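Everything on this sheet refers to the single structure shown next.
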Amino acid sequence: MSQQSSPTVFSAGLDIMEMYKPKPDRVKEFWTTLQDVWLALYGSSFPTVAAINGHSPAGGCLLSLCCEYRIMCPNYSIGLNETKLGIVAPKWFMSSMLGAIPYREAELALTSGRMFSTDEALKIGLIDEVASDKADAIAKSEKFLSQFAKIHPIARKLTKLNLRHSALEWMQENKELDLNIFISFVGQPIVQKSLEKYLEGLKAKQAK
Ligand SMILES: CCCCC/C=C/C(=O)SCCNC(=O)CCNC(=O)[C@H](O)C(C)(C)COP(=O)(O)OP(=O)(O)OC[C@H]1O[C@@H](n2cnc3c(N)ncnc32)[C@H](O)[C@@H]1OP(=O)(O)O
């Protein structure tokens, strides 16, 4: 079960400061850590649920998409908003989203970098349930997990991992390629300019 202690943010996604003017000695560790987190959580043999008690953009949304079930508290936002930063959600971010919502919805959401409110996310299936607050989200998560007490654990595990096999296999075989794509992409001046502009927007919003 994944949930956070911040009062309003489930996860703000990747640290943009690691991608803006990236430090060569850190960038490899930064990206391979994310790959490994995804492999461990998306490929977990345990049943997993995200209790999303706060905003969940980009990498935050990805974390929740690794789980089989998502329960979200009201009045927050969730989505893969990468295009709004002038960056591109990697293939495995996209396949994680496609495990939750139909292709057409994913294409519209990904190309526009759309963030969904809790109610909108429920409507398109990006989340599975709405909880009134964090305690309710945890109670609902426990209820989701408890149903597996009646299911044979090996049958459940193999079914989950077979369903996720091709995405997991792609990552296991292409970690280095994916890392090189990331490094070369974030190194482009046009991408750096977009990130700079996005960071300025965040600062300006905070100053208001
Ligand atoms: C190129 C290959 C693809 C890479 C894939 C990338 C995946 C990602 O995850 S990219 C990151 C996407 N994240 C976002 O777009 C989130 C942006 N942040 C927000 O929308 C909001 O900050 C919030 C909803 C998460 C929280 O809002 P609020 O509580 O109002 O807090 P502030 O906006 O005032 O922010 C406080 C403070 O934190 C800084 N900050 C926020 N998010 C990030 C971040 N992801 N990385 C780095 N820094 C972040 C923000 O700039 C403020 O900083 P200070 O001014 O220094 O306090």
Q) In the chain, which whole DSSP H runs stretch at least 20 Å along their own axis (Cα) and average -0.5 or higher on the Kyte-Doolittle scale? A) 24-42, 165-186
Q: Just list whichever of Lys21/Lys208; Lys84/Lys203; Lys21/Lys193 have alpha carbons separated by over 21 Å in the model shown.
A: Lys21/Lys208
Q: Pop out the carbon and sulfur fraction of the accessible area of the chain as a percent, whole number, probe 1.4 Å.
A: 59
**Q.** Structure-based [θ]222 nm, the chain - -39500 (n - 2.57) summed over DSSP H runs of at least 4, per residue, nearest 500
**A.** -18500 deg cm²/dmol
Q: For the stretch 3-65 and the stretch 128-152, write down the distance between their C-alpha centroids in whole Å.
A: 22
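For Val37, what is the net charge nearby, where nearby means another residue's Cβ is under 13 Å from its Cβ and Lys, Arg count +1, Asp, Glu -1?
Taking every other residue near Val37 into account, the sum is -1.
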Q) Could you work out Rg/(2.2 N^0.38 Å) for the stretch 125-184, with Rg from alpha carbons only? A) 1.67
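In Å², and per residue, what accessible area does the chain have when probed at 1.4 Å with the other protein chains present?
On the way: 11280 Å² over 208 residues.
Normalised by residue count, the accessible surface of the chain is 54 Å².
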(Q) How much length would be gained if the chain were fully extended between Leu108 and Lys175, taking 0.36 nm per residue of separation minus their Cα-Cα distance, in nm to one decimal? (A) 21.4 nm
Q) Pick from Asp15, Asp36, Asp136: which residue has the top mean-square fluctuation in a GNM of the chain where Cα pairs under 10 Å get a spring? A) Asp15
Q: Can you tell me how much longer the chain between Leu122 and Ser184 gets when fully stretched, taken as 0.36 nm per residue apart minus their C-alpha distance, in nm with one decimal?
A: 18.7 nm
Q | Normalised contact order of the chain, rounded percent, pairs of Cα under 8 Å and 6 or more residues apart | A | 25
Q: Given the options Ser11, Ser77, Ser194, state which has the largest fluctuation in a GNM of the chain using a 10 Å cut-off (strictly under) for Cα springs.
A: Ser194
Q: Could you please put Met19, Met115 in sequence from largest to smallest accessible area, using a 1.4 Å probe?
A: Met115, Met19
Q.
Looking only at the chain, where both bridge partners belong to it, what percent of the DSSP beta bridges are antiparallel (to the nearest 5)?
A. 15
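Using the Cα atoms as the points, what is the convex hull volume per residue of the chain in Å³? Let's see the in-between values first.
On the way: hull volume 25.9 nm³, N = 208.
Considering the Cα atoms of the chain, their hull volume per residue is 124 Å³.
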Q. Can you tell which of Thr8, Trp31, Leu85 lies farthest toward the positive end of the dipole of the stretch 1-88, using +1 and -1 charges on the Cβ of basic and acidic side chains (Lys, Arg; Asp, Glu)?
A. Leu85
Q. So, in nm, how far is label Thr159 from label Ala12 when the simple model puts each one 7 Å beyond its Cα toward the Cβ?
A. 4.0
(Q) With a 1.4 Å probe and all protein chains kept in place, how do Thr118, Thr83 rank by accessible area, largest first? (A) Thr83, Thr118
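Take every Cα-Cα pair in the stretch 54-145 and report what % of them are more than 21 Å apart.
Counting pairs separated by more than 21 Å, the tail of P(r) holds 24 percent.
The values are calculated or read from the model by the stated rules, or taken from the named source; none is laboratory data. Keep in mind that this is a model prediction, so the values were computed, not measured. FYI the Cβ positions are ideal-geometry reconstructions off the backbone, even for glycines, and counts take in every protein chain you see. The area values use the complete protein model at the heavy-atom level, side chains included, leaving out ligands, DNA and RNA. Shrake-Rupley method; radii C 1.70, N 1.55, O 1.52, S 1.80 Å.
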